[in-house]
Amino acid sequence: MIYRQEKKGYYNAYEYAKSILGEMKKIVAFKAFSYGGHDYYEVIGNHRRYYNLILFDEASNEYWFDAQCGCKGMGSFYSEKILQLVGIREDYNIAFEKEIYRFNLSPNNKLNLLIVEIDLSNSIEKYFIKSLITLDFENAYLRYRALDSLQIFGVVKSIEDAIGGELYIKYFNREGLDERSYEEAGVNNILFLDDYLGKSIKLNISTNIDKLLESKSNIGIKEIKEIEYGIYTILE
């Protein structure tokens, strides 16, 4: 079956990808083009509308998107976002290659969450590093739904966008640290706990996350319990 993005535009391509994640099986191949002149188009009136990013899943379904490769603009940017969303995390030099075809792909739907509580009430900023939770989902849809559910505890940010910056890198394994992540689509992220959460929820945040996800993934929990003061670390 072929699924086509209806609304044109690169941003709409990403939104469409999110909307059909639940329909996708494991993505095993993709093609990307910087131009038309290929076989992935539909005829509207007398006009050919080309789709320059095509995903293929293990059930022989195709997903056509109005995104592209071979440019440094938003077309390549959203192509990379869509690929990360479905677990394709290798660097394919999308902004520079004019045509790309990759097959026998193995999506990575892992999610590593460093749980952090920030105290900005005093002149000295405190970052309470509570735990590192590692999750491995069966598919990209379950991963996406889990990220959405986790918003009840706080805000999820990629390392690049997180308050505190490089303070957190040492708490992660090396996997995924070199990838250029887009929002929370990357493997490694920070969950900043909301101030309104009760004390008992914060004290048992790892257990609460485990209960929330209801075994929808393989989960690992590493308790850390450290405090970061700027560039210094003090054990609790």
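The values are calculated or read from the model by the stated rules, or taken from the named source; none is laboratory data. Computed from a predicted structure; not experimentally measured. Counting neighbours? That spans all protein chains shown, and the Cβs are built from the backbone with ideal geometry, glycine included. Note: accessible area is taken over every heavy atom of the protein model, side chains too, but ligands, DNA and RNA are not part of it. Shrake-Rupley method; radii C 1.70, N 1.55, O 1.52, S 1.80 Å.
Candidates (1) 1.04; (2) 0.94; (3) 1.08; which is the computed Rg/Rh (Cα atoms, Kirkwood Rh)? Label of the calculated value: (1). Compared with the dominant Cα axis of the chain, that is its longest principal axis, helix 10-19 is turned about 70°.
Counting heavy atoms of the protein chains alone, ASP91 has an accessible area of about 130 Å² for a 1.4 Å probe. Mean-square fluctuation check for the chain, GNM, Cα pairs under 10 Å: which of GLY220, GLY186, GLY87 is largest? With Cα springs under 10 Å in the chain, the top fluctuation among GLY220, GLY186, GLY87 is at GLY220. Highest GNM mean-square fluctuation among LYS222, LYS170, LYS130, for the chain modelled with Cα contacts below 10 Å: LYS170. The gain in end-to-end length when the LEU203 to ILE20 segment is fully stretched comes to 62.2 nm, 0.36 nm per residue minus the alpha carbon separation.
Among ILE201, ILE54, ILE44, the residue with the largest mean-square fluctuation in a Gaussian network model of the chain, with springs joining Cα atoms closer than 10 Å, is ILE44. Residues in the chain average 53 Å² of solvent-accessible surface per residue, probe 1.4 Å, ligands and nucleic acids excluded.
Between ASN139, ASN104, GLN84, the Cα set farthest toward the positive side of the dipole of region 53-150 (charges on each charged residue's Cβ, about the Cα centre) is that of GLN84. Overall, the accessible surface of the chain at a probe of 1.4 angstrom is composed of carbon and sulfur to the extent of 48 percent. In the complete set of protein chains, residue-level accessible area for HIS38 is approximately 20 Å², probe 1.4 angstrom.
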